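Reading through the C-alpha coordinates given below for one structure.
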Amino acid sequence: YDGLKFHRIIDGFMIQGGDANGDGSGSPKLSDLGLDVSGDNDKSYCIEGEFLSNGYNKNTLKHKEGVISMARADYTQTYSKSLTTESYNSAGSQFFIMTKTNTNLNGYYTAFGKVTEGLDVLHQIESVEVKVADGKESTEGAEVSTPVNPPKVTSIRVETYGVDYGMPDT
(Lines give C-alpha, C1' and ligand atoms only; values in the text may rest on other atoms or scores of the structure.)
Protein backbone atom coordinates (compact mmCIF):
# COMPACT_ATOMS: atom_id res chain seq x y z
CA TYR A 1 0.00 0.00 0.00
CA ASP A 2 2.99 2.28 0.33
CA GLY A 3 2.67 5.13 -2.19
CA LEU A 4 -0.99 4.47 -3.07
CA LYS A 5 -3.62 7.22 -3.01
CA PHE A 6 -6.71 7.69 -0.91
CA HIS A 7 -9.15 7.95 -3.82
CA ARG A 8 -12.43 8.42 -1.94
CA ILE A 9 -12.99 10.68 1.06
CA ILE A 10 -16.30 11.46 2.72
CA ASP A 11 -16.09 13.90 5.62
CA GLY A 12 -17.79 12.55 8.74
CA PHE A 13 -17.76 8.97 7.39
CA MET A 14 -14.55 7.42 6.00
CA ILE A 15 -11.46 7.60 3.80
CA GLN A 16 -10.83 4.85 1.21
CA GLY A 17 -7.67 3.61 -0.50
CA GLY A 18 -5.82 0.47 -1.53
CA ASP A 19 -6.42 0.57 -5.28
CA ALA A 20 -3.26 0.40 -7.41
CA ASN A 21 -5.08 2.35 -10.16
CA GLY A 22 -5.67 5.18 -7.69
CA ASP A 23 -9.29 5.73 -8.66
CA GLY A 24 -11.23 2.85 -7.11
CA SER A 25 -11.54 0.89 -10.35
CA GLY A 26 -8.73 -1.62 -9.82
CA SER A 27 -8.70 -5.15 -8.51
CA PRO A 28 -5.72 -6.90 -6.97
CA LYS A 29 -3.92 -9.73 -8.78
CA LEU A 30 -2.79 -13.06 -7.36
CA SER A 31 0.83 -11.91 -7.80
CA ASP A 32 0.10 -9.12 -5.31
CA LEU A 33 -0.21 -11.88 -2.69
CA GLY A 34 3.34 -13.01 -3.47
CA LEU A 35 2.18 -16.04 -5.43
CA ASP A 36 4.38 -17.25 -8.29
CA VAL A 37 2.00 -16.66 -11.21
CA SER A 38 2.49 -15.05 -14.59
CA GLY A 39 0.65 -14.11 -17.75
CA ASP A 40 -2.92 -15.33 -18.01
CA ASN A 41 -2.60 -17.11 -14.65
CA ASP A 42 -2.22 -13.79 -12.80
CA LYS A 43 -5.94 -13.20 -12.33
CA SER A 44 -7.82 -10.71 -10.21
CA TYR A 45 -9.10 -12.12 -6.96
CA CYS A 46 -11.73 -11.42 -4.32
CA ILE A 47 -11.94 -12.34 -0.66
CA GLU A 48 -14.98 -13.86 1.03
CA GLY A 49 -16.74 -11.40 3.32
CA GLU A 50 -16.38 -12.20 7.02
CA PHE A 51 -19.48 -10.56 8.47
CA LEU A 52 -22.82 -11.62 9.93
CA SER A 53 -24.99 -11.03 6.85
CA ASN A 54 -22.70 -13.39 4.93
CA GLY A 55 -23.09 -16.17 7.51
CA TYR A 56 -19.88 -15.43 9.41
CA ASN A 57 -20.47 -14.82 13.13
CA LYS A 58 -16.90 -14.58 14.52
CA ASN A 59 -16.28 -10.94 13.53
CA THR A 60 -17.40 -8.71 16.39
CA LEU A 61 -15.40 -5.59 15.49
CA LYS A 62 -17.74 -2.60 15.14
CA HIS A 63 -17.43 0.29 12.68
CA LYS A 64 -16.24 2.98 15.09
CA GLU A 65 -13.79 5.84 14.56
CA GLY A 66 -10.41 4.46 13.45
CA VAL A 67 -11.69 0.99 12.49
CA ILE A 68 -10.33 -0.39 9.22
CA SER A 69 -12.68 -2.37 7.02
CA MET A 70 -12.66 -4.05 3.61
CA ALA A 71 -14.21 -2.08 0.77
CA ARG A 72 -16.34 -4.15 -1.58
CA ALA A 73 -18.80 -3.75 -4.42
CA ASP A 74 -22.38 -3.12 -3.35
CA TYR A 75 -24.91 -4.86 -5.56
CA THR A 76 -27.37 -5.28 -2.67
CA GLN A 77 -29.81 -2.76 -4.12
CA THR A 78 -30.47 -5.36 -6.82
CA TYR A 79 -32.89 -7.98 -5.60
CA SER A 80 -31.01 -10.95 -7.07
CA LYS A 81 -29.68 -13.31 -4.38
CA SER A 82 -26.70 -14.21 -6.60
CA LEU A 83 -25.71 -10.55 -6.95
CA THR A 84 -25.97 -10.07 -3.19
CA THR A 85 -23.65 -13.05 -2.67
CA GLU A 86 -21.26 -11.73 -5.33
CA SER A 87 -21.32 -8.32 -3.63
CA TYR A 88 -20.65 -9.76 -0.17
CA ASN A 89 -17.63 -11.68 -1.53
CA SER A 90 -16.11 -8.95 -3.69
CA ALA A 91 -13.44 -7.44 -1.39
CA GLY A 92 -9.87 -7.37 -2.62
CA SER A 93 -7.19 -4.82 -1.82
CA GLN A 94 -9.30 -1.74 -1.11
CA PHE A 95 -10.02 -0.71 2.45
CA PHE A 96 -11.61 2.18 4.29
CA ILE A 97 -10.92 3.77 7.65
CA MET A 98 -13.86 5.08 9.65
CA THR A 99 -13.61 8.74 10.65
CA LYS A 100 -16.78 8.49 12.69
CA THR A 101 -18.91 5.65 14.11
CA ASN A 102 -21.45 4.22 11.66
CA THR A 103 -23.49 1.32 13.05
CA ASN A 104 -25.25 0.77 9.68
CA LEU A 105 -22.12 -1.00 8.39
CA ASN A 106 -21.94 -3.50 11.26
CA GLY A 107 -22.65 -7.00 9.99
CA TYR A 108 -22.38 -5.94 6.32
CA TYR A 109 -18.67 -5.18 5.88
CA THR A 110 -15.53 -6.95 7.13
CA ALA A 111 -13.94 -4.82 9.82
CA PHE A 112 -10.46 -6.20 10.46
CA GLY A 113 -8.30 -3.69 12.28
CA LYS A 114 -8.00 -0.38 14.04
CA VAL A 115 -5.75 2.66 13.82
CA THR A 116 -3.68 2.60 17.02
CA GLU A 117 -2.06 6.01 16.66
CA GLY A 118 -2.41 8.97 14.34
CA LEU A 119 -6.15 9.66 14.45
CA ASP A 120 -5.24 13.33 14.02
CA VAL A 121 -3.72 12.46 10.62
CA LEU A 122 -6.88 10.52 9.73
CA HIS A 123 -8.96 13.63 10.37
CA GLN A 124 -6.55 15.84 8.40
CA ILE A 125 -7.02 13.51 5.40
CA GLU A 126 -10.77 13.58 5.95
CA SER A 127 -10.81 17.36 5.54
CA VAL A 128 -9.06 17.65 2.14
CA GLU A 129 -10.91 19.30 -0.73
CA VAL A 130 -13.05 16.87 -2.76
CA LYS A 131 -15.00 17.02 -6.03
CA VAL A 132 -17.28 14.85 -8.16
CA ALA A 133 -15.22 12.15 -9.90
CA ASP A 134 -13.82 12.98 -13.35
CA GLY A 135 -16.17 11.85 -16.09
CA LYS A 136 -19.20 12.02 -13.81
CA GLU A 137 -21.86 14.68 -14.06
CA SER A 138 -22.09 17.26 -11.30
CA THR A 139 -25.76 16.70 -10.73
CA GLU A 140 -27.67 17.05 -7.53
CA GLY A 141 -27.09 13.92 -5.45
CA ALA A 142 -23.77 13.02 -7.14
CA GLU A 143 -21.18 11.82 -4.64
CA VAL A 144 -18.54 14.46 -4.01
CA SER A 145 -15.73 12.30 -2.69
CA THR A 146 -12.78 12.41 -5.10
CA PRO A 147 -9.85 14.34 -3.61
CA VAL A 148 -8.63 17.28 -5.70
CA ASN A 149 -5.08 16.51 -4.52
CA PRO A 150 -5.23 12.88 -3.31
CA PRO A 151 -3.23 12.14 -0.17
CA LYS A 152 -0.85 9.19 -0.49
CA VAL A 153 -0.01 6.41 1.93
CA THR A 154 3.54 6.90 3.15
CA SER A 155 3.71 3.60 4.98
CA ILE A 156 1.29 1.03 6.35
CA ARG A 157 2.41 -1.80 8.59
CA VAL A 158 0.11 -4.35 10.16
CA GLU A 159 0.93 -5.73 13.60
CA THR A 160 -0.35 -9.31 13.83
CA TYR A 161 1.17 -9.88 17.26
CA GLY A 162 2.89 -13.06 16.07
CA VAL A 163 -0.18 -14.70 14.53
CA ASP A 164 0.33 -16.16 11.05
CA TYR A 165 -3.00 -15.82 9.28
CA GLY A 166 -1.77 -17.48 6.10
CA MET A 167 -3.06 -16.61 2.65
CA PRO A 168 -6.66 -15.50 2.22
CA ASP A 169 -9.15 -17.77 0.48
CA THR A 170 -9.64 -16.27 -2.97
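What to note about this one:
- Couplings 3J(HN,Hα) for segment 153-170, derived from phi with the Karplus relation 6.51 cos²θ - 1.76 cosθ + 1.60 (θ = phi - 60°), are 6, 7, 7, 10, 10, 10, 9, 9, 6, x, 7, 9, 8, x, 7, x, 6, 10 Hz, where x marks Gly and Pro.
- Helical contribution to [θ] at 222 nm, DSSP H n ≥ 4, -39,500 (n - 2.57), averaged over the chain, rounded to 500: -2500 deg cm²/dmol
- Remark: the chain carries a charge dipole of roughly 360 debye about the Cα centre, counting +1 on each Lys and Arg Cβ and -1 on each Asp and Glu Cβ.
- Carbon + sulfur, % of accessible area of the chain - ligands and nucleic acids excluded, 1.4 Å: 47 percent
- A straight chain from T103 to L61 at 0.36 nm per residue would run longer than the Cα-Cα distance by 14.0 nm.
- Backbone geometry of segment 113-119 corresponds, through the Karplus equation with coefficients 6.51, -1.76 and 1.60 at θ = phi - 60°, to 3J(HN,Hα) couplings of x, 8, 5, 9, 7, x, 4 Hz, x marking Gly and Pro.
- Within segment 8-37, backbone nitrogen closer than 20 Å to the virtual label 7 Å beyond the Cα of N149 toward Cβ: 8-11, 15-17, 22-23
- Remark on V130: its backbone amide H falls under 5 Å from those of V148, a criterion applied only to residues 5 or more positions apart or on other chains, H modelled at 1.01 Å from N.
- Long pairs among K29/K100; K43/K100; K5/K114; K29/K62, criterion Cα-Cα beyond 25 Å: K29/K100; K43/K100; K29/K62
- Reported label for calculated Rg/Rh (Cα atoms, Kirkwood Rh) given (1) 1.02; (2) 0.95; (3) 0.99: (2)
The values are calculated or read from the model by the stated rules, or taken from the named source; none is laboratory data. Given the structure is predicted, the values throughout are model-derived calculations rather than measurements. Glycine gets a Cβ as well: all are built from the backbone with ideal geometry, and neighbour counts include every protein chain shown. For the accessible areas, the whole protein counts, side chains as well, though only heavy atoms, and no ligand, DNA or RNA atoms are used. Shrake-Rupley method; radii C 1.70, N 1.55, O 1.52, S 1.80 Å.
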